[in-house]
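Structure first, commentary second.
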Amino acid sequence: MPGRTIDADAAVRLIRPGMTVFVQGSIGQPLSLMRALADAGGALRDVHFVSPLTPGVNGFPIGPEAEGCRFTSFFDYRELRRSFRAGGIAFVPSHYSDIADRIAGAGVDVALIQLSPPDAAGLCGTGLCADFVPDILDRCGLVIAEINAAMPAIANGPKVPLDRPDHVVAADYPLPAFEPPAPDPTAERIARNAAALVRDGDCIQFGVGRIPQQVVRALGDRNDLGLHGGLVTPVVRPLIESGAINGRRKTIDRAMHVTGAAIGDQCFYDWIAGHAAWAFRPVSHTHDIAVLGSLDGLVAINSAIEVDLFGQANAETAGGRQVSGSGGLVDFVRGARRSHGGRALICLPSTSPDGRRSSIVPRLSGPTTLCRTDMHYVVTEHGVADLSHGSVEARARALIDIAAPQFRDALEAEGRAMR
């Protein structure tokens, strides 16, 4: 390490009142620096943190003792509850593709990032999390890089010269591990219906919720699929190893598996690092609508919490509480709609987990994440509704037909009243 190597506590002491601090998210969150921030507690004053955290992956342990500190988040979810209760978090709804400009627009004084160790040429890498770092690195003031010996180098990923960070912090801790969600009978039925919409040669993007991952599991008998997304999980490994996903027919990034980040277990991380076909790209590539539109046959496989009879979807709130954010959903849906032969699939169970509420509703109970002009296919365990060309009445009819049978009569009555 160069002479400007400092420890995590010294790095945090460089943060002064009034500064705006970017903290990398996802699997690239610099955890030794995060621990130092949490330990600093009351020593932090009037600092504005901004970070594109990933739900279910990242926490942000800055409590009320950090007087006057605030945090801008683009998601709201369980792991942030303590900080939200402390009153220091501002949730800013945003498309994922817009976040880099929002962060840069805040005027970043300090960036806290994680890199892989330097190679023989003195180049570090963003490893398993390209995400936002390449897009904002040159738009920050002071850059502090945690160089984690456990972060694998990715041959086809962004590189950062070792002399680019102003300070480096040496670290060596295992990357966080995440288990894929277990399948269940309802998810399997939804997956079978959704998988029927995916053809040989398509390029898939999928969300990392339980149902989209189950759809991917159901694609093992396809041929020549491509992969392009913002975040991948171990469900893709069997398909890549069998050749079902090979990228041979992709219209760009041919034969490459493109993602912004990866989450899984150590075995998955090691496998990716040793697989030359992986390409890690920043959000400006993974979520850009022009890039997505140039991928022929792009199939975006995602989920929502509820869909109403107008054909709108809410993917952010449940029971009146914000549980996520729009993330890349709108980017990928609109990109798939622009793609030649593309399809956008919104997959959800027809009822709430306890079966007491329909997920097909007369009107959304929360914000409209996807407007009706964005929607294409809605998939439940009861079938598929194609909303791409139908009239308002035809859309409502198609959605009622895939609702849970016990709710269809009530939805019919509500539908008639809405006309």
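What is the magnitude of the charge dipole of segment 1-157 about its Cα centre, with +1 placed on the Cβ of each Lys and Arg, -1 on the Cβ of each Asp and Glu, and no other charges, expressed in debye to the nearest 20?
340 debye
Once amide H atoms are built 1.01 Å from N in the peptide plane, which residues 5 or more positions from Thr251, or in another chain, come under 5 Å H to H?
Excluding prolines and chain starts, which carry no amide H, the hits are Asp296.
Using a 1.4 Å probe and counting only protein heavy atoms, arrange Thr5, Thr72 so the residue with the most accessible area comes first.
Numbers: Thr5 50, Thr72 20 Å².
So the residues, ranked largest to smallest area, are Thr5, Thr72.
For Ala149 and Asp46 in the same chain, what is the full-extension length gain: residue separation times 0.36 nm, less their Cα-Cα distance, in nm?
In short, 33.8 nm is gained.
When Rg is the radius of gyration of the Cα atoms in segment 260-419 and Rh is its Kirkwood radius, what does Rg/Rh come to? Mind dumping the intermediate values first?
Numbers: Rg = 17.6 Å, Rh = 17.0 Å.
Reported Rg/Rh, Kirkwood definition of Rh: 1.04.
At 25 °C and a viscosity of 0.890 mPa s, what translational diffusion coefficient does Stokes-Einstein give for segment 209-292, taking Rh as the Kirkwood radius over Cα pairs? Give it in µm²/s as a whole number.
187 µm²/s
Please give the solvent-accessible surface of Thr20 in Å², to the nearest 10, using a probe radius of 1.4 Å with every protein chain present.
Here the residue's solvent-accessible area equals roughly 10 Å².
Calculated from DSSP H runs of 4 or more alone, at -39500 (n - 2.57) each and per residue, what is the 222 nm mean residue ellipticity of the chain, nearest 500?
Helix contribution divided over all residues of the chain: -6500 deg cm²/dmol.
Ignoring ligands and nucleic acids, what accessible area does Val198 show with a 1.4 Å probe (Å², nearest 10)?
10 Å²
Once you place label points 7 Å from the Cα toward the Cβ at Arg16 and Ala394, how far apart are they in nm?
About 6.4 nm, to one decimal.
Work out from phi, with θ = phi - 60° and the Karplus expression 6.51 cos²θ - 1.76 cosθ + 1.60, the ³J(HN,Hα) of each residue of segment 379-385, listed in order in whole Hz, and give x for Gly and Pro.
Couplings: 10, 10, 5, 9, x, 10, 10 Hz.
Report, by chain and number, residues whose modeled amide H sits under 5 Å from the one on Leu142, excluding near sequence neighbours (fewer than 5 apart, same chain).
Val110, Ala111
Taking just the alpha-carbon atoms of segment 96-192, what radius of gyration and Dmax come out, in angstrom?
For segment 96-192, the Cα radius of gyration and maximum Cα-Cα distance read 17.2, 52 Å.
Net charge within 13 Å of Asp331 by Cβ-Cβ distance, Lys/Arg positive one each and Asp/Glu negative one each, not counting Asp331 itself?
Result for the neighbourhood of Asp331: 0.
Taking the Cα atoms of segment 176-330, what is the range of coordinates along each of the three principal axes, in descending order and whole Å?
Sorted from largest, the Cα extents of segment 176-330 read 45, 33, 30 Å.
Give me the 1.4 Å probe accessible area per residue for the chain, excluding ligands and nucleic acids, in Å².
Counting only protein heavy atoms, the per-residue value for the chain is 39 Å².
In whole Å, largest first, what are the principal axis extents of the Cα atoms in segment 301-393?
Dimensions of segment 301-393 along the principal axes of its Cα atoms: 39, 27, 21 Å.
Only four residue types carry charge here, +1 at the Cβ of Lys and Arg and -1 at the Cβ of Asp and Glu. Report the dipole size of the chain about the Cα centre in Debye, rounded to the nearest 20.
Here the chain has a charge dipole of around 780 debye.
Of the options Ala255, Ile360, Phe268, report the single residue whose Cα projects farthest towards the positive end of the charge dipole of segment 212-371 (beta-carbon charges: Lys, Arg +1; Asp, Glu -1).
Ile360
Quote to one decimal, in nm, the extra length available between Arg192 and Asp39 on full extension: 0.36 nm per residue of separation minus the C-alpha distance between them.
Stretched fully, the Arg192-Asp39 segment lengthens by 50.3 nm.
How compact is the chain by the rule of thumb for globular proteins, expressed as Cα Rg over 2.2 N^0.38 Å?
This ratio for the chain stands at 1.01.
Leaving out ligands, DNA and RNA but keeping every protein chain, what accessible area does Cys267 have, in Å² rounded to the nearest 10, with a 1.4 Å probe?
80 Å²
Modelling each spin label as a point 7 Å along the Cα-to-Cβ direction, I'd like the Gln406/Arg4 distance in nm, to one decimal.
6.3 nm
Once amide H atoms are built 1.01 Å from N in the peptide plane, which residues 5 or more positions from Gln114, or in another chain, come under 5 Å H to H?
Result for Gln114 returns Glu146.
Leaving out ligands, DNA and RNA, and with a 1.4 Å probe, what % of the accessible surface on the chain is carbon or sulfur?
Its accessible area is 50 percent carbon and sulfur atoms.
When N is the residue count of segment 139-264, what does its C-alpha Rg come to as a fraction of 2.2 N^0.38 Å? Can you show the working numbers first?
Numbers: Rg = 17.8 Å, N = 126, 2.2 N^0.38 = 13.8 Å.
Cα Rg divided by the expected 2.2 N^0.38 Å: 1.29.
Sorted from largest to smallest, which semi-axis lengths in Å does the alpha carbon gyration tensor of segment 111-160 give for its equivalent ellipsoid, taking the root of 5 times each eigenvalue?
Calculated on Cα positions only, the semi-axes equal 17, 11, 10 Å.
The values are calculated or read from the model by the stated rules, or taken from the named source; none is laboratory data. As the structure is a prediction and not an experimental result, all values here were calculated from the model. Quick reminder, even Gly has a Cβ in these numbers, built from the backbone with ideal geometry, and neighbours come from all protein chains shown. Remember, those area values only see protein heavy atoms, side chains included, never the ligands or the DNA or RNA. Shrake-Rupley method; radii C 1.70, N 1.55, O 1.52, S 1.80 Å.
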